[in-house]
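Chemist: Supplied in structure tokens, the structure appears directly below.
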Amino acid sequence: MSIILEFILSVCIFIYGIQLFSKGISNLVNEKAKNLLIKYTNTLFKGIILGTILTIIIQSSGIITILTLSFVNSNLIDFSNTLGIIMGSNLGTCFTSWLTSFINTNNFLVFLNPTFYTPIFILLGLIFFLKNKMDKSNTLLGLTFFLLGLKMLNNSLTPIMNFSWFKSLLIILNNPFLGILLGIILTSIIGSSAATVAILQTITKTGGITYLNSIPIILGENIGSSITGILGSINTKKDAKMVSIFNLLYNLLGTIIFMLIYFIFYFLKVRFLYLKINSYHIALIHTLFNFLSIIVFYPYTKYLERLTRKMVKKI
């Protein structure tokens, strides 16, 4: 029971860290973000670059989605100008998975491990707190909680990995549909795609996770991450609702396309699906999915936009 409580606590600290960091950094760059959104969204390519950069900075695609639809709701930018931002935000969120990979880096690469700098982040955060510079304090302390939550998550999952029920769960997850469902549900409940990916990355230390298990969960997580935008669009104008619907459609169609490719390999029993996967491979798959989604949908974005407008008209 104590292990389960430690796991829940670690996830809460991880999510709180992301939210605190997002709050601090978004306040610091809010005006700049607004100006950038207005100035650099006149082409799809610029929007993708902007969405990617802002999400890497703020560390939450959900925050970027909410921020974007709020600007649309306030008539600051048109829905058409948000398409690239949404696509880029999905790519930018992959940065967290790479950061998570470095948490477990080898000793000789200790300076690449973000947790190495945690005491410095705490000290600077407290200094800014005492000086009443809350945005800077929240940013640094949020980053500290984020890293602390990851470390605790790693420690809490280690004993669970030896339980027989956990090993049985890994066998069940050989079913791709259950994997997708787990990714959707877990991300929807936790409210953070970064947390879902971090949990999966930590579980890879068991040596029992393969590409077969992990790919459907990662794809499902991308669908689950769209729920934040859907909830945020409640009681907004139709144009703002289009932002969240487009985000959901983009991730849903991307998942369907890549799952079709996955099933081809699955039914052909291609060997690489049964190979063990590690934290870096998880980050790579997560990044490849979102990068290739941009490549695939880039020529057809206007069609997705039209479909989104038709769907929202019927709401």
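Chemist: Would you confirm whether or not region 246-259 contains a residue that is modelled with pLDDT under 90 and either surrounded by fewer than 17 Cβ atoms within 10 Å (Cβ to Cβ) or more than 18 Å from VAL72 (Cα to Cα) (or both)? Can you show your working first?
Modeler: Initially, region 246-259 is screened for residues modelled with pLDDT under 90, giving none.
Looking through region 246-259, none of the residues is modelled with pLDDT under 90 and either surrounded by fewer than 17 Cβ atoms within 10 Å (Cβ to Cβ) or more than 18 Å from VAL72 (Cα to Cα) (or both).
Chemist: For region 286-295, which positions are closer than 21 Å to ILE217 by Cα and open to solvent by 30 Å² or more (accessible area, probe 1.4 Å)?
Modeler: Of region 286-295, the ones closer than 21 Å to ILE217 by Cα are 286-294.
Within region 286-295, THR287, LEU288, PHE291, LEU292 meet the criteria.
Chemist: Return the residues of region 305-315 that are aliphatic (A, V, I, L, M), open to solvent by 70 Å² or more (accessible area, probe 1.4 Å) and more than 24 Å from PHE45 (Cα to Cα); say none if nothing qualifies.
Modeler: MET311, ILE315
Chemist: Considering region 220-231 alone, what residues qualify as being open to solvent by 10 Å² or more (accessible area, probe 1.4 Å) and touching a residue at least 60 places away in the same chain (Cβ under 8 Å)?
Modeler: As a first pass, look at region 220-231 and keep what is open to solvent by 10 Å² or more (accessible area, probe 1.4 Å): 223, 225, 227-228, 230-231.
Those that are open to solvent by 10 Å² or more (accessible area, probe 1.4 Å) and touching a residue at least 60 places away in the same chain (Cβ under 8 Å): SER225, THR228.
Chemist: Further, regarding this structure: Looking only at region 106-147, filter to residues that are of a type in the set (Ser, Thr, Tyr) and open to solvent by less than 50 Å² (accessible area, probe 1.4 Å); which one of those is modelled with the lowest pLDDT? Let's see the steps before the verdict.
Modeler: Here is the first cut: in region 106-147, the ones of a type in the set (Ser, Thr, Tyr) are 115, 117-118, 137, 139, 144.
Subset that is open to solvent by less than 50 Å² (accessible area, probe 1.4 Å): 115, 118, 137, 139, 144.
On the way: THR115: 60, THR118: 76, SER137: 87, THR139: 81, THR144: 82.
Within region 106-147, the match that is modelled with the lowest pLDDT is THR115.
Chemist: Now for a different question. Go through ILE103, ILE160 for me and flag whichever is at pLDDT below 75 and buried (at least 18 other Cβ atoms within 10 Å of the Cβ).
Modeler: Details: ILE160 fails: buried (at least 18 other Cβ atoms within 10 Å of the Cβ).
Testing whether each residue is at pLDDT below 75 and buried (at least 18 other Cβ atoms within 10 Å of the Cβ) leaves just ILE103.
Chemist: Where the second residue is open to solvent by less than 90 Å² (accessible area, probe 1.4 Å) and at pLDDT 80 or above and the first is closer than 16 Å to LYS151 by Cα and lies in region 111-125, which pairs have Cβ atoms under 6 Å and are six or more apart or on separate chains?
Modeler: Matching pairs, first to second residue: THR118/THR144; PHE121/LEU140; PHE121/THR144; ILE122/THR144.
Chemist: Another question, then. Test each condition in (1) modelled with pLDDT under 80; (2) surrounded by fewer than 21 Cβ atoms within 10 Å (Cβ to Cβ); (3) among the hydroxyl-bearing types (Ser, Thr, Tyr) for SER80 and report the one that comes out false.
Modeler: Only one criterion in (1) modelled with pLDDT under 80; (2) surrounded by fewer than 21 Cβ atoms within 10 Å (Cβ to Cβ); (3) among the hydroxyl-bearing types (Ser, Thr, Tyr) is unmet by SER80, namely (1).
Chemist: One residue is enough: does region 264-273 have a residue meeting the conditions outside any helix (DSSP H, G or I) and in contact (Cβ under 8 Å) with a residue 24 or more places away in the chain? So that I can check it myself, show each step before the final result.
Modeler: Of region 264-273, the ones outside any helix (DSSP H, G or I) are 268-270.
Restricting the remaining residues to those that are in contact (Cβ under 8 Å) with a residue 24 or more places away in the chain gives none.
Checking region 264-273: not a single residue is outside any helix (DSSP H, G or I) and in contact (Cβ under 8 Å) with a residue 24 or more places away in the chain.
Chemist: Could you tell me which residue of region 63-77 is farthest from ASN27 (Cα to Cα), considering only residues that are open to solvent by less than 10 Å² (accessible area, probe 1.4 Å) and of a type outside the set (Ser, Thr, Tyr)? It would help to see each step written out before you state the result.
Modeler: Going residue by residue through region 63-77, those that are open to solvent by less than 10 Å² (accessible area, probe 1.4 Å) are 64-65, 68-69, 72.
Going one step further and asking which of them are of a type outside the set (Ser, Thr, Tyr), we end up with 64, 69, 72.
Values: ILE64: 13, LEU69: 17, VAL72: 19 Å.
Checking each candidate, the answer is VAL72.
Chemist: For the list (1) exposed (fewer than 15 other Cβ atoms within 10 Å of the Cβ); (2) under 25 Å from PHE71 (Cα atoms); (3) in contact with a Leu (Cβ under 8 Å, 6 or more places away or on another chain), I need the number of the one condition that TYR274 fails.
Modeler: (2)
Chemist: Please determine whether any residue of region 297-304 is under 23 Å from LEU91 (Cα atoms), surrounded by 22 or more Cβ atoms within 10 Å (Cβ to Cβ) and not acidic (Asp, Glu).
Modeler: Within region 297-304, none of the residues are under 23 Å from LEU91 (Cα atoms), surrounded by 22 or more Cβ atoms within 10 Å (Cβ to Cβ) and not acidic (Asp, Glu).
The values are calculated or read from the model by the stated rules, or taken from the named source; none is laboratory data. From a predicted model like this one, the values you see are computed outputs, not experimental measurements. Ideal geometry is used to build each Cβ from the backbone, glycine not excepted, and the neighbour counts take in all protein chains shown. Note: accessible area is taken over every heavy atom of the protein model, side chains too, but ligands, DNA and RNA are not part of it. Shrake-Rupley method; radii C 1.70, N 1.55, O 1.52, S 1.80 Å.
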